[in-house]
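Q: Pasting in a structure now, in structure tokens, and then I'll have a few things to ask.
The values are calculated or read from the model by the stated rules, or taken from the named source; none is laboratory data. Please read all numbers here as calculations on a predicted model, not as lab measurements. A quick note on method: Cβ atoms are made from the backbone with ideal geometry, for glycine too, and the neighbour counts reach across all protein chains shown.
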Amino acid sequence: MNILITGGTGFIGSALTKSLIEQGHAVTVLSRSPDKAAKICGPGVNALGSLPQLNAEDNYQVVINLAGAPIVDARWSEDRKQLIRASRIGLTEHLITCIDRMTVKPELLISGSAIGYYGDQGDTVLTEQSTPYEDFSQQLCADWESSAKQAEQFGVRVCLIRTGPVIADGGGFLQRMLPPFRFGLGGRLGDGRQWMSWIHRQDWINIAQTMISDATMQGAYNATAPNPVTNAEFTRILAQCLKRPALLPVPAWLLKILLGEMSELVLGSQRVMPERLLAQGFKFQYDDLAAALNEALSHK
């Protein structure tokens, strides 16, 4: 298959690209640094620097839309929030315009989203059918998904992948957590009762590949392992895997001062279950947190 991936040089996209190329697919990635794509994704990848480089004659059976400015790299000023929205929603709208121009439409669009779609909901068990609680992250994800669904008007099958915090070597939230934990200075965030619905990157890749191969899949899917944990439990298991103590909790008031509105990402709670994936028999390779963390840490 010919596959186009926006955000293909990112933490998830680069691993997905390598996997798809290994399977014999022809993969083109959209990247702000196309000259670096081969180094990041492997020598078999093609690269585009911008969406306007797409031609009406280009023929991609699958488009995977993962582009977006990092959501945790800076405090959420109004300008930053606009950048975050434009890099996801604006780019997705531009991508839909490109699909409209294509003589032969893709068969499938897999578009990124996140479990932030549900908002902060405490201990409530959340499935794809749950009603969201509105905040910035929720509105961002809802608008992002709405933009992607516009591809359906062209006969494109659309799958929305609501991703939880991704565990793997070399990036993601785990890389940010490791330095203090390695020195025994880690600890829970706030009271630690907030739920973390994590997923190992390999399972995320397996979900995307299942969406490609299974034409019955359509709509939103929670890309989270079936065993979410509280932040306190995550902290305990990570410290155990590193054979370090976790003695220094970070109080919620300090996180709110340091991070502002962005503190909702670490203090908010989403207890998410991958109900639709489980219903169709998807098998998670990593459904146990300790096993997922040990695999990621084995590369260090």
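Yes/no matrix, rows are residues, columns are (1) small (G, A, S); (2) out of contact with any Cys (no Cβ under 6 Å at 6 or more places or on another chain); (3) modelled with pLDDT of 95 or more:
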residue	(1), (2), (3)
K105	no, yes, yes
L108	no, yes, yes
G116	yes, no, no
V125	no, yes, yes
Q129	no, yes, yes
D135	no, yes, no
Q139	no, yes, no
E145	no, yes, yes
A151	yes, yes, yes
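Q: Could you list, in sequence order, the residues of region 47-79 that are closer than 16 Å to V27 by Cα and in contact with a helix residue (DSSP H, G or I) (Cβ under 8 Å, 6 or more places away or on another chain)?
A: Scanning region 47-79 gives A47, L48, G49, L51, L54, V62, V63, I64, N65, L66, A67.
Q: Looking at (1) modelled with pLDDT under 95; (2) more than 18 Å from the chain's Cα centre (by Cα); (3) not polar (S, T, N, Q), find the lone condition where A279 falls short.
A: A279 satisfies all of (1) modelled with pLDDT under 95; (2) more than 18 Å from the chain's Cα centre (by Cα); (3) not polar (S, T, N, Q) except (1).
Q: Ok, one more. Which of the residues spanning region 212-225 are crowded, with 16+ Cβ neighbours inside 10 Å and either touching a Pro at 6+ places or on another chain (Cβ under 8 Å) or closer than 21 Å to G116 by Cβ (or both)? Write out each step before concluding.
A: Of the residues in region 212-225, the ones crowded, with 16+ Cβ neighbours inside 10 Å are 212, 217, 220-225.
Those that are crowded, with 16+ Cβ neighbours inside 10 Å and either touching a Pro at 6+ places or on another chain (Cβ under 8 Å) or closer than 21 Å to G116 by Cβ (or both): A220, Y221, N222, A223, T224, A225.
Q: Hey, could you check region 260-298 for residues that are in a loop (DSSP other than H, G, I, E, B) and of a type in the set (G, A, S) and say which is nearest to P228 (Cα to Cα)?
A: The residue in question is S269.
Q: A further question on this structure: How about region 68-105: which of its residues are in contact (Cβ under 8 Å) with a residue 60 or more places away in the chain and buried (at least 17 other Cβ atoms within 10 Å of the Cβ)? Give the derivation first.
A: Within region 68-105, the subset in contact (Cβ under 8 Å) with a residue 60 or more places away in the chain is 68, 71-72, 75-76, 91, 95.
Hits for region 68-105 are G68, I71, W76, L91, L95.
Q: For residues that are polar (S, T, N, Q) and free of Cβ contacts under 8 Å to residues at least 60 places away in the same chain, scanning just region 149-170, find the one that is nearest to A225 (Cα to Cα).
A: Taking the candidates together, the pick is Q150.
Q: Being modelled with pLDDT of 90 or more, of a type in the set (S, T, N, Q) and under 22 Å from the mean Cα position of the chain (by Cα) is the filter here; which residues of region 28-60 pass it?
A: Result: T28, single match.
Q: Can I ask one more? Could you list, ordered by first residue, the pairs with Cβ atoms under 7 Å in which the first is in region 33-55 and closer than 26 Å to D100 by Cβ and the second is hydrophobic (A, V, I, L, M, F, W, C) and assigned to a helix (DSSP H, G or I), at least 6 apart or interchain?
A: Between residues of region 33-55 that are closer than 26 Å to D100 by Cβ and residues that are hydrophobic (A, V, I, L, M, F, W, C) and assigned to a helix (DSSP H, G or I), the close pairs are V45/I21; V45/A37; V45/A38; A47/A37; L51/L95; L51/C98; L54/C98.
Q: Report every pair of residues separated by at least 6 positions or lying on different chains whose Cβ atoms are under 6 Å apart, first residue within region 132-143 and closer than 20 Å to G260 by Cβ, second outside any loop (DSSP other than H, G, I, E, B) and hydrophobic (A, V, I, L, M, F, W, C).
A: As it stands, the answer is C141/A114, since those pairs meet every condition given.
Q: Restricting to region 168-195, and then to whatever is part of a strand (DSSP E or B) and modelled with pLDDT under 95, can you tell me which residue is farthest from T124 (Cα to Cα)?
A: Of all residues in region 168-195, those part of a strand (DSSP E or B) come to 185, 189, 195.
Now restrict to residues that are modelled with pLDDT under 95: 185, 189.
On the way: L185: 31, L189: 19 Å.
Step by step, filter region 168-195, then rank; the result is L185.
Q: Counting only residues that are modelled with pLDDT of 90 or more and closer than 20 Å to Y118 by Cα, how many does region 238-276 have?
A: 8
Q: Given (1) in contact (Cβ under 8 Å) with a residue 12 or more places away in the chain; (2) of a type in the set (A, V, I, L, M, F, W, C); (3) touching a helix residue (DSSP H, G or I) at 6+ places or on another chain (Cβ under 9 Å); (4) assigned to a helix (DSSP H, G or I), identify the lone condition not met by I257.
A: For I257, the exception is condition (1).
Q: Taking the criterion of being touching a strand residue (DSSP E or B) at 6+ places or on another chain (Cβ under 8 Å) and more than 21 Å from G184 (Cα to Cα), would at least one residue in region 253-269 satisfy it? It would help to see each step written out before you state the result.
A: Going residue by residue through region 253-269, those that are touching a strand residue (DSSP E or B) at 6+ places or on another chain (Cβ under 8 Å) are 255, 266-267, 269.
Pick out the ones that are also more than 21 Å from G184 (Cα to Cα) and you get 267, 269.
So far as region 253-269 goes, yes, one or more of its residues are touching a strand residue (DSSP E or B) at 6+ places or on another chain (Cβ under 8 Å) and more than 21 Å from G184 (Cα to Cα).
Q: Give the residue that is nearest to A223 (Cα to Cα), with candidates limited to residues of region 189-207 that are hydrophobic (A, V, I, L, M, F, W, C) and more than 11 Å from the chain's Cα centre (by Cα).
A: Top of the filtered list is I207.
Q: Quick one: what pairs do we get from region 235-252, first residue in contact (Cβ under 8 Å) with a residue 12 or more places away in the chain and assigned to a strand (DSSP E or B), second surrounded by 16 or more Cβ atoms within 10 Å (Cβ to Cβ) and hydroxyl-bearing (S, T, Y), C-beta under 9 Å, 6+ apart or different chains?
A: The qualifying pairs are A246/T235.
Q: Within region 7-16, which residues are under 16 Å from I161 (Cβ atoms) and either modelled with pLDDT of 95 or more or in contact with a Lys or Arg (Cβ under 8 Å, 6 or more places away or on another chain) (or both)?
A: Within region 7-16, F11, I12, A15, L16 qualify.
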